[in-house]
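Nothing in this text is a laboratory measurement; each read-out follows from the coordinates by a stated rule. These figures come from a predicted structure and were not determined experimentally. FYI the Cβ positions are ideal-geometry reconstructions off the backbone, even for glycines, and counts take in every protein chain you see.
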Amino acid sequence: MEKKLIENVRQSVPLVHNITNYVTVNDVANILLACGGSPIMADDAEEAEEITSICGGLNINIGTLNARTIESMLLAGKRANELGHIIVLDPVGAGASRLRTETAMQLLEKVRFSVIRGNVSELKTLWGGSGSTKGVDADLADRVTEGNLDEMVEFAKKLSKKTGAVIAMTGAIDIVTDESKAYAIRNGNPLMSKITGTGCMLSGVVAAYCVANPDHLLDATAAAVAAMGLSGEIAFERLEKTALGGTSSYRTYIIDAMSNMSDEILKEGMKLEAR
Amino acid sequence: MEKKLIENVRQSVPLVHNITNYVTVNDVANILLACGGSPIMADDAEEAEEITSICGGLNINIGTLNARTIESMLLAGKRANELGHIIVLDPVGAGASRLRTETAMQLLEKVRFSVIRGNVSELKTLWGGSGSTKGVDADLADRVTEGNLDEMVEFAKKLSKKTGAVIAMTGAIDIVTDESKAYAIRNGNPLMSKITGTGCMLSGVVAAYCVANPDHLLDATAAAVAAMGLSGEIAFERLEKTALGGTSSYRTYIIDAMSNMSDEILKEGMKLEAR
Amino acid sequence: MEKKLIENVRQSVPLVHNITNYVTVNDVANILLACGGSPIMADDAEEAEEITSICGGLNINIGTLNARTIESMLLAGKRANELGHIIVLDPVGAGASRLRTETAMQLLEKVRFSVIRGNVSELKTLWGGSGSTKGVDADLADRVTEGNLDEMVEFAKKLSKKTGAVIAMTGAIDIVTDESKAYAIRNGNPLMSKITGTGCMLSGVVAAYCVANPDHLLDATAAAVAAMGLSGEIAFERLEKTALGGTSSYRTYIIDAMSNMSDEILKEGMKLEAR
C-alpha cells in the first residue's frame, strides 16, 4: 500500500460534492473535514452540475431519496464522468424499497462509479439478486464471516468486474476489491452499528481519499475503510475510560479519531490482509 | 408497570419508520439506536408505504412540513393502520401556523394513532381549542403545574377518548394517560429545554418502546417518558462534573444516558405517580 | 459598546425564524438556544409568512437551495420587512453556482436586510464582482490580512452603503461595519475551519443578538462575531486538555462555550478594534 495516502489528503484538501441524505449529512460534512477534505452539499438540479464541476469528487448517497434529488444525482454523475472525477456510490437501503433499488440500478446504468460502498444485502441488490434489506443494516443471513469470506470476496470481485468500480463491502469483516485484487480488513468495533451514519461517513472519507490518490483507488479505498474502522477502535478505547459514556460520546470520539488519523497511526493499527 | 419493558426493546430491536423534520432527524435516529431500536428515515410518497411495511412502527413528526412529506405521512399512516402497526404522532408546532394545525387535524382524521406526544399548547390545538403556540415550546400560560395538574389530567383523558390514542403531554410535569388511567411523571431537568429535539427524540423512543411492548401501550409510553426525563437527570449530574461543560455536552450526555438505560436504572430513578 | 447586549438576549429570549440549509440546521438551532434565543425552522411557502410573523427575527441561509425554499425566503423576507423585523442574510457559497449567486442577488433586490454575514468571496459576489468561491470557504487570495485590512474595511463599508445592512465579513480577521463605523475583530481559532457550520451558527447568533438589541445593530453584530470567535478560543483551550480530543469534541465545546457566554466573559476576552 502507498505510504503517503493520508498525507496526500491533508495536503491537497480534496473538495467533495455530496448529494446525500438529510439524516447524516452533518456527520458526513464533519468527517470529510476531519479526514482532510472539504465538503460541499448541493442537491438541486439547478446547480448540481456546476457545483460538481468545481470539485474533485462526487459522493452519491441514496439514503433519503426523492424525485428532485434523483434528477440531481443523474445530472451531477454524468457531468462528473465527463470531467473524469472520482464518483462514489452509497446505495443506502437498496433492496428495501422499489424506489431505492430502481434508483440504484438507474445510477449504475447511467454513471460510471469509481467506488461502490455498501453492506452485503445492498450490494447483492445491485447485482440483481433478490436483496433482503432489513432497514439499512446488513441482513443477518448475509453478513461476511470467516466461514464465507472466500465466497464473499468472489462475489465482490464479480460485482467489481460488472460495474468497473472498486467495491467496498462493509460489515464485521470488510472486503475491498477490484476485479483481481482483494483485501479483507478486520478493523472496527460492534458498537459502531449503534450510531447512525458510520457507513455514510465512510463513503465520504472514501471519496476524499480517492480524489487525493487517483492512481491508487483500491489502496485509497482500503485505507479509508481501515481508517474508519481504526477510528472506531480508538474511540472505543477512549469510551471505556469515560465515566457514564455512551453511544453519543462514541460518535464524537470516532470523528475525533479520524481528525487525528495519519499514515503512521493507520499503518500501526490497520488489520489488512490480501486475499 | 411491566418489569421488562426495556429488555423487550433491546431484545427485539424494533424497526421504526420515521417521517420527521430535518432539524432533529439525526438525534432521533441516534436515540432510537441508543434506546435499543433501529431507525429508518424515508419521506417520499414513492416509498413511504413500502418502507413502513417492513417496520414495526411509524413515527410521524410535523416539524418541517411540506406538501411532499404531508402526502407521505398520509400514505404511510394509512398503510401502517392496515398492518396494525404502532403509530406515534408528534404535532410539533401545531397552532403556530395554519399548515401545521390543518395537517395535524387531517392526520388525526385519516390515521388512527397509538400515541400522541406533544406539549400542552400543541395538544390543545389538536383538541380544537385556539392553541397559542410560541414556537415549539409550551406556552407559558399553558404549562402543567402542581396547581393545575388535575385539570390537565382530565383534559388529556378527554383527548385520549376523542382520539383513541395514549396521550403523552410533556413539560415540567409530564402526563401520560389513556381514557381511564393516568400517570404524572416528575423526571427531567429544565436544561433539557435549552437543546433542540428532546421532544422529537422522546417521540422516537416512545415508538420503539411501544413496538416492543404492544400489549402495554400506556406503560410503555410512560416508561419512555420517564426514561427520557431520567436520562436528562443523569446527564445533568454528569454535566455538573464537567469543567466548562455546556448545552452541547448536555445533549451528548442525554443520548449517552439513554444508551445505558435499563429496566433496573429506570425502576430506581422513575418518579411516576398514578393519578 | 453597549454593556448588557448578552443579558438582553438571555432575558428576552428572542424567537428567530430560520430558513436554512439541512447540513448545519441542527447546530444552528442548538447555538441559538445556547446563546439565549429560541429557534423555529420552517421553510415551506405555505407557512413561511405566518411563522415569521410570530418571530422577532428572520435568518436566511442559502446553503442548500431549491425552488421551494427560495420562494419561502422571498415570502418570509417580504413579510418580515413589513413587520420591521431583523433579517440576516448568510449568502453561503454565493459565487459557486449561478443558482446561489442569482438567488442572493434576488434576495438583496427584494428584501432589506439588517445584517449580511459572509466570507470575502461571498461578499464580493454580492457586490457584483466576479467572485471566486472555493466551496464555502474564503478564497485564499481573497482573505483579510493585516496587510489588506484597510482596503477590506473600505470595501465592506461600501457594501454596507449599497445594501443598507450591517456587514459582517468573517475570516482570520473579522470586519463588522456599517456605512461609517467599523470594527476589526481578532477572536477565533484556525481549527474552527475544520468543523462545518461555524459561519451558519454565527449568523443565527447575530440574528438573536440583533433582535434583542434592535437599537444597536452594529454593536450587537460585533458582539455576536466576537462571542463566536471567543467561544472558539475557549473551546480550543479546553480541547488541548482533552486526551485524544479532535474536531468533533471541538464542535461540542464551541456550543458549550456559547451557552456559558456572558457580557462579562465577552468583555474580558473580546479583541475588538475600532477602525
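Would you look at the GNM of chain A, springs on alpha carbons closer than 10 Å, and say which of A:G246, A:G93, A:G147 moves the most?
Residue with maximal mean-square fluctuation among A:G246, A:G93, A:G147: A:G147.
So what's the net charge close to C:R68: Lys and Arg +1, Asp and Glu -1, counting the other residues with Cβ under 9 Å from its Cβ? Numbers along the way, then the final one.
Working: positive: A:R68, B:R68; negative: C:D43, C:D44, C:E71.
The answer is -1.
Report the residue, chosen from B:L244, B:L65, B:L74, that carries the largest GNM mean-square fluctuation when chain B is represented by alpha-carbon nodes joined by springs under 10 Å.
B:L244
Using a Cα-Cα cut-off of under 16 Å, which lysines could be cross-linked to C:K4, ignoring same-chain neighbours fewer than 8 residues away?
Reachable lysines: C:K267.
Once a ≥ b ≥ c are taken as the square roots of the eigenvalues of the Cα gyration tensor of the range B:3-91, is the result rounded (a/c under 1.5), prolate (a/b larger than b/c) or oblate (a/b not larger than b/c)? Write out the running numbers ahead of the final one.
Working: a/c = 2.18, a/b = 1.43, b/c = 1.52.
It is oblate, given that a/c is not under 1.5 and a/b is not larger than b/c.
Can you give the local net charge around A:G204? Use residues other than it whose beta-carbon is closer than 15 angstrom to its beta-carbon, Lys and Arg +1, Asp and Glu -1.
On the way: positive: A:R117, A:R251, C:K194; negative: A:D27, A:D43, A:D90.
Net charge in that neighbourhood comes out at 0.
What is the local net charge at B:K78, summed over the other residues whose Cβ is closer than 14 Å to its Cβ (Lys, Arg +1; Asp, Glu -1)?
Overall, the nearby charge balance is -2.
Between A:I185, A:I173, A:I254, find the one with the highest GNM mean-square fluctuation for chain A; connect C-alpha pairs within less than 10 Å.
Answer for the Gaussian network model of chain A: A:I173.
Mind running the shape call on the range A:5-274? Use the C-alpha gyration tensor, a ≥ b ≥ c as the square roots of the eigenvalues: rounded below 1.5 for a/c, prolate if a/b tops b/c, oblate otherwise. Each step should come with its number before you reach the end.
Details: a/c = 1.36, a/b = 1.16, b/c = 1.18.
Because its axes are fairly even, with a/c under 1.5, the range A:5-274 counts as rounded.
Aspartates and glutamates near C:K78 by alpha-carbon distance under 15 Å, same-chain residues fewer than 8 away left out - which ones?
C:D43, C:D44, C:E46, C:E47, C:E49, C:E50, C:E109
Mind checking B:191-198 for the average number of partner chain beta-carbons within 10 Å of each residue's beta-carbon?
The per-residue average across the peptide is 4.
So for chain B, taking the charge dipole from beta-carbon charges (+1 Lys/Arg, -1 Asp/Glu), which of B:T170, B:A226, B:Y253 sits furthest toward the positive end?
So the residue we want is B:T170.
Which residues does a label at C:N148 reach in the range C:157-199, if reach means a backbone N under 16 Å from a point 7 Å past the Cα toward the Cβ?
C:157-159, C:169-175
Amide H of A:G245: which non-local residues (sequence gap of 5 or more, or other chain) have their own amide H closer than 5 Å, using H built in the peptide plane?
none
In whole angstrom, note down how far apart the Cα centers of the range C:1-56 and the range B:82-105 are.
23 Å
Take the alpha-carbon centre of the range A:185-210, take the same for the range B:161-188, and report the distance between them in whole Å.
So the two Cα centres are separated by 40 Å.
Along Cα→Cβ at 7 Å, what distances in nm separate the A:E268 label point from those on the other copies, shortest first?
Copy-to-copy label distances for A:E268: 3.7, 3.7 nm.
Taking a quarter of the surface of the convex hull around the Cα atoms of the protein assembly as shown, what do you get in nm²?
Projected area, direction-averaged: 30.5 nm².
Helix check for chain C. Which DSSP H runs span at least 27 Å along their own axis by Cα, with a mean Kyte-Doolittle hydropathy no less than -1.0?
Going by DSSP H runs, the hits are C:217-240.
Please report B:M169, B:M152 as a ranked list, fewest other C-beta atoms within 10 angstrom at the top and most at the bottom.
Values: B:M169 27, B:M152 24.
By the 10 Å Cβ count, ascending, the order reads B:M152, B:M169.
At 222 nm, what helix-only mean residue ellipticity would the protein assembly as shown give, in deg cm²/dmol to the nearest 500, using -39500 (n - 2.57) for each DSSP H run of four or more?
It comes out at -15500 deg cm²/dmol, rounded to the nearest 500.
Counting alpha carbon pairs within less than 8 Å and at least 6 residues apart, what relative contact order, in whole percent, applies to chain C?
Working: 568 pairs, mean separation 56.5, N = 275.
Relative contact order for chain C comes out at 21 percent.
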